[in-house]
Amino acid sequence: MSDKIKVSIDGITVEVEPGTTILNAARQIGGEIVPPAMCYYSKLEGSGGKCRTCLVKVSKGSEKDPRPMPKLVASCRTGVMDGMEVQNITSPEVLEARRGVVEMLLINHPLDCPICDQAGECHLQDLSYEHGLADTRYEFERRTFEKIDIGDKIQLHMTRCILCYRCVFVADQLTDSREHGILGRGDASEISTYIEKAVDNDFSGNMIDVCPVGALTDKTFRFKNRVWFTKPVEAHRDCPTCSGKVTLWYKGEEVLRVTGRKDQYGEVQEFICNTCRFETKNTSDWIIEGPRHVSQQSVISANHYEMKPLPVIKKNLELQEANKEQFERATKF
Amino acid sequence: MSRKLLLEHINVPGIDTFDVYRQNGGYRAVEKALKTLTPDEVVEEVKKSGLRGRGGAGFPTGMKWSFLAKPEGKPRYLVCNADESEPGTFKDRYLMTYIPHLLIEGMIVASFALGAKTSYIYVRGEMMPQIRILEKAIAEAKNAGFLGKNILGTGYDLELYVQPGGGAYICGEETALIESLEGKRGNPRIKPPFPAISGLYNCPTVVNNVESIAAVVPIINDGGEEYAKIGIGRSTGTKLISASGNINKPGVYEIELGVPVEEFLYSDEYCGGIANGKRLKAVVPGGSSVPILPANLFLKTVTGEARLMSYESLSEGGFVTGSMMGSGGFIAFDEDQCIVRNTWNFSRFYHHESCGQCSPCREGTGWMEKVLHRLEYGHGKLSDIDLLVDVSKKIEGNTICPLGDAAAWPVAAAIRHFRDEFEWHVTHPQEAMERNYGLAHYADPLPPVGEPA
Ligand SMILES: Cc1cc2nc3c(=O)[nH]c(=O)nc-3n(C[C@H](O)[C@H](O)[C@H](O)COP(=O)(O)O)c2cc1C
Ligand code: SF4
Ligand code: SF4
Ligand code: FES
């Protein structure tokens with residue numbers, strides 16, 4: 001094993017393996033200093049670098065070459081160097097750029113959260129609460145698309161898509177031929193399958209889990225309920241195709257939805273197969289493990305009073321200031 | 001008359017054929033390089049010449065070549081970027097149409113220097129005639145033993161292919177070009193890794209502009225030091241300029257770097273002055289991506305020195321009062337041209353050409369275009385002007401590839417220097433539809449305008 005390298009993010013030092021990205025180093029620290037990530041997905045090779053929400057400032061390149069990097073960099077695709085110093089929430093420049101990115105992501109987004117199944121577990125929603133402006137400065141018609149069915153279980157509502165490419169990478173990893181990809185360019189690009197062909201694979205349902213917004217949704221769950229009225233429960237079954245480890249979303253006695261188990265960054269731990277996701281919706285199909293720990297970034301936690309302590313480094317005034325601001329913003333609502 | 005290195009024989013009849021080109025001293029550089037020099041010596045000559053990339057960024061070519069990784073057992077590639085699609089730039093097409101063997105010759109020498117056994121010329125898809133011309137030239141060169149196996153009996157093998165492009169401006173960005181060449185969608189890659197380490201088919205790759213590669217020929221013929229004597233400071237050699245707009249003699253000119261812009265614009269050797277006896281209002285000196293400059297700041301720098309056609313002089317004053325050499329797409333605007341309309345037109349282009357991978361560019365270019373359209377057509381608001389500046393700042397520097405910057409700069413620069421013209425479009429919407437702003441205003445010297453907050 002090669003030696004670990006030291007990197008500091010917003011003044012907090014952490015030791016990581018060589019080759020780790022800034023984002024993953026920040027995730028090892030955890031808390032407020034973790035940059036938001038809309039397109040990076042650790043389980044999808046090649047993902048990241050596109051949405052630009054994770055931009056950070058590298059104020060010191062490394063011990064050997066202490067020059068700062070000239071531009072903000074995408075933390076999800078930039079590797080750490082020994083002695084690197086990174087600023088995330090302590091840099092006004094980063095916060096400003098992030099506000100800009102969030103605004104860009106929203107100008108063509110329909111903001112139809114009241115009728116969107118993703119509402120409540122949507123990363124774009126979370127992000128806009130944190131960084132968005134109250135008002136839009138965009139006064140033009142937003143782009144819209146027709147809904148498309150990708151097979152009989154998944155629906156694509158392209159109007160909501162933020163073009164993070166995650167679903168494309170899922171399809172790339174699942175199939176050898178390119179059946180699901182991007183057509184068109186610029187703001188006219190759209191996700192599409194090859195002539196609306198169903199992506200015919202046992203694991204295609206995972207596109208729903210990786211989609212950070214409500215563009216890809218589970219047709220067997222559509223409009224059944226709001227996620228925050230459902231109760232997530234961890235369960236597993238003996239599945240011949242996948243690990244069978246899932247989260248069941250209950251309303252009363254009924255299983256409304258089955259998903260992979262997501263971690264605090266919205267990433268599933270293991271991909272699950274379509275049989276587990278769409279076909280087995282009876283409690284009797286499952287061995288229940290217990291209620292799920294609900295991440296507090298989500299509105300699902302509305303009734304779960306769980307507070308993560310804010311990380312405060314005593315000596316770092318700037319960070320304390322940033323935390324105070326963060327706290328005020330968080331308690332404003 | 002200044003020295004011509006690339007276009008010296010351009011008027012010789014039949015110079016596009018192998019025989020005539022050879023009779024005029026063509027392919028000497030191949031003979032010299034392959035028979036008397038080692039690859040490293042060729043790289044050394046190019047380094048000494050001080051040649052800087054002619055594709056836009058101006059990165060020293062010799063340095064780029066020496067960064068190429070050389071792992072054992074992996075092929076290396078040279079790719080010529082002939083995807084020329086920047087509005088205002090048409091020099092590569094000219095060169096390929098009229099003197100294609102110069103590019104082929106340069107490709108052979110450069111491939112030899114880099115140790116590439118397979119090289120590609122990626123030509124913009126719309127340039128079908130040029131693709132045919134190059135294919136014919138390659139066949140002629142191969143027939144004469146300058147391509148293929150064991151070139152000139154030196155044991156060096158090289159295959160050269162022409163690849164029609166994917167039909168998008170973005171395919172000119174080097175990593176998008178590589179993706180496109182591999183048969184994929186032309187999306188720029190996220191760097192690092194840089195092509196010099198992992199480019200085409202994940203092998204070390206150099207991407208160079210047509211003109212950069214062509215310039216290798218005179219460098220090898222005359223020696224790098226000789227080449228470096230031409231020009232001024234770190235801007236060595238000659239450069240092709242595509243001159244267009246309201247000038248008497250639009251066309252492609254080969255200049256010695258360091259010619260005063262005034263001479264370039266007004267002398268009969270080059271542009272021949274502004275057409276129809278009008279006055280100069282503004283210039284975009286390096287293709288649509290670089291900042292526009294009003295006449296007074298273009299002819300003289302803010303310190304009152306005459307501006308020269310060189311990398312340094314054109315960018316003197318930074319973005320506040322300067323511009324850039326870019327790819328040498330020189331566009332002159334006379335007093336009758338509307339800057340708002342032109343800015344809208346440029347941003348329409350970038351909106352259309354954004355690949356759509358990263359959010360700031362995908363959404364921001366469309367947003368800017370719509371706001372500019374509204375301003376130009378008399379529906380704008382005063383707050384739109386600051387909005388544009390703000391949106392351009394949110395794009396600049398936050399994207400994967402420089403297209404985002406290229407879309408943001410022209411807008412920011414137009415507002416920086418011509419804010420009153422934008423304001424006039426808001427306050428006189430009716431008139432703005434009928435006539436242009438301010439006529440003679442910009443032909444007079446103005447105090448420099450600071451960067452808007
Ligand atoms: C959006 C975009 C378009 C570009 N188009 C071209 C082009 O058409 N031709 C070109 O030579 N370089 C183009 N470039 C620059 C290339 O990325 C690259 O810098 C150049 O080919 C390097 O060659 P050089 O070192 O010889 O200049 C473009 C860059 C960007 C960002
Ligand atoms: S459909 Fe969802 S996962 Fe796919 S690109 Fe759009 S937002 Fe990303
Ligand atoms: S800056 Fe624009 S063109 Fe470049 S990668 Fe991003 S979206 Fe594509
Ligand atoms: S998460 Fe890093 S750019 Fe999207």
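The values are calculated or read from the model by the stated rules, or taken from the named source; none is laboratory data. Bear in mind that the values here come from a model prediction, so they are computed numbers and not experimental data. Note that each Cβ is placed from the backbone with ideal geometry, even for glycine, and that neighbours are counted across all protein chains shown. We work out accessible area using only protein heavy atoms, side chains counted, and drop any ligands, DNA or RNA first. Shrake-Rupley method; radii C 1.70, N 1.55, O 1.52, S 1.80 Å.
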Verdict on A:Thr241 being open to solvent by 60 Å² or more (accessible area, probe 1.4 Å), in a loop (DSSP other than H, G, I, E, B) and modelled with pLDDT of 85 or more | yes
Quick check: anything in region B:253-265 under 13 Å from B:Gly329 (Cβ atoms), assigned to a strand (DSSP E or B) and out of contact with any Gly (no Cβ under 9 Å at 6 or more places or on another chain)?
-> yes
Being among the hydroxyl-bearing types (Ser, Thr, Tyr) and surrounded by fewer than 24 Cβ atoms within 10 Å (Cβ to Cβ) is the filter; apply it to region B:271-309 and report the residue that is farthest from B:Pro250 (Cα to Cα).
-> B:Thr303
Out of all the residues in region B:401-409, is one or more more than 16 Å from ligand 3 (Cβ to nearest atom), within 30 Å of B:Asn248 (Cα to Cα) and small (Gly, Ala, Ser)?
-> no
Scanning region B:312-339 residue by residue, those assigned to a strand (DSSP E or B) and touching a Ser or Thr at 6+ places or on another chain (Cβ under 6 Å) turn out to be B:Gly329, B:Ile331
Restricted to region B:23-55 and to residues being open to solvent by 20 Å² or more (accessible area, probe 1.4 Å) and closer than 18 Å to B:Met96 by Cβ, the residue modelled with the lowest pLDDT is B:Gly55
Among the listed residues B:Ser359, B:Ser354, which satisfies the condition of being in contact with a Cys (Cβ under 8 Å, 6 or more places away or on another chain), closer than 23 Å to B:Gly286 by Cβ and within 11 Å of another protein chain (Cβ to nearest Cβ)?
-> B:Ser354
Among the residues of region B:352-372, write down those that are touching a helix residue (DSSP H, G or I) at 6+ places or on another chain (Cβ under 6 Å), open to solvent by 10 Å² or more (accessible area, probe 1.4 Å) and away from ligand 1 (no atom under 12 Å from the Cβ).
-> B:Glu369
Over region A:172-193, the set of residues within 14 Å of chain B (Cβ to nearest Cβ) and either under 14 Å from A:Met207 (Cα atoms) or of a type in the set (Ser, Thr, Tyr) (or both) is A:Asp172, A:Ser177, A:His180, A:Gly181, A:Ser189, A:Ile191, A:Ser192
Which listed residue is in contact (Cβ under 8 Å) with a residue 40 or more places away in the chain, over 18 Å from the mean Cα position of the chain (by Cα) and not in a loop (DSSP other than H, G, I, E, B), from B:Ala228, B:Ala214 = B:Ala228
Select from region B:400-431 the residues that are within 14 Å of chain A (Cβ to nearest Cβ), more than 17 Å from B:Pro285 (Cβ to Cβ) and surrounded by fewer than 24 Cβ atoms within 10 Å (Cβ to Cβ) and list them in ascending order.
-> B:Cys401, B:Pro402
Output the residues belonging to region B:393-419 that are over 20 Å from the mean Cα position of the chain (by Cα), of a type outside the set (Lys, Arg), under 24 Å from A:Cys76 (Cα atoms) and part of a helix (DSSP H, G or I).
-> B:Ile395
Is there a residue in region A:54-64 that is among the small types (Gly, Ala, Ser), in contact with a Lys or Arg (Cβ under 7 Å, 6 or more places away or on another chain), modelled with pLDDT under 95 and more than 16 Å from ligand 3 (Cβ to nearest atom)?
-> yes
Scan region B:300-323 and report the pairs whose first residue is farther than 14 Å from B:Pro260 by Cβ and whose second residue is part of a strand (DSSP E or B), with Cβ atoms within less than 6 Å and a gap of 6+ or a chain change.
-> B:Tyr311/B:Ser235; B:Ser323/B:Leu293
In region A:60-80, anything open to solvent by 40 Å² or more (accessible area, probe 1.4 Å) and within 12 Å of another protein chain (Cβ to nearest Cβ) is listed as A:Met69, A:Pro70, A:Lys71, A:Arg77
Exactly one of A:Leu133, A:Leu106, A:Leu95 is open to solvent by 20 Å² or more (accessible area, probe 1.4 Å) and modelled with pLDDT under 90, and that residue is A:Leu133
All but one of (1) within 14 Å of another protein chain (Cβ to nearest Cβ); (2) of a type outside the set (Ser, Thr, Tyr); (3) surrounded by fewer than 21 Cβ atoms within 10 Å (Cβ to Cβ) hold for A:Cys161, so report the exception by its number.
-> (3)
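Conditions (1) modelled with pLDDT under 95; (2) surrounded by 19 or more Cβ atoms within 10 Å (Cβ to Cβ); (3) assigned by TED's automatic domain parsing to the domain that holds B:Gly55; (4) within 16 Å of ligand 4 (Cβ to nearest atom), marked per residue:
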position	(1), (2), (3), (4)
B:Glu159	no, no, yes, no
B:Ala168	yes, yes, yes, no
B:Leu177	no, yes, yes, no
B:Gly183	yes, no, yes, no
B:Ile190	yes, yes, yes, yes
B:Thr205	no, yes, yes, no
B:Asn208	no, yes, yes, no
B:Val216	no, yes, yes, no
B:Ile219	no, yes, yes, no
Taking the stated definitions as given, is A:Gly100 of a type outside the set (A, V, I, L, M), closer than 24 Å to A:Thr217 by Cα and either in a helix (DSSP H, G or I) or open to solvent by less than 20 Å² (accessible area, probe 1.4 Å) (or both)?
-> no
Flag if B:Gly153 is within 16 Å of ligand 3 (Cβ to nearest atom), open to solvent by 20 Å² or more (accessible area, probe 1.4 Å) and on the phi > 0 side of the Ramachandran plot | no
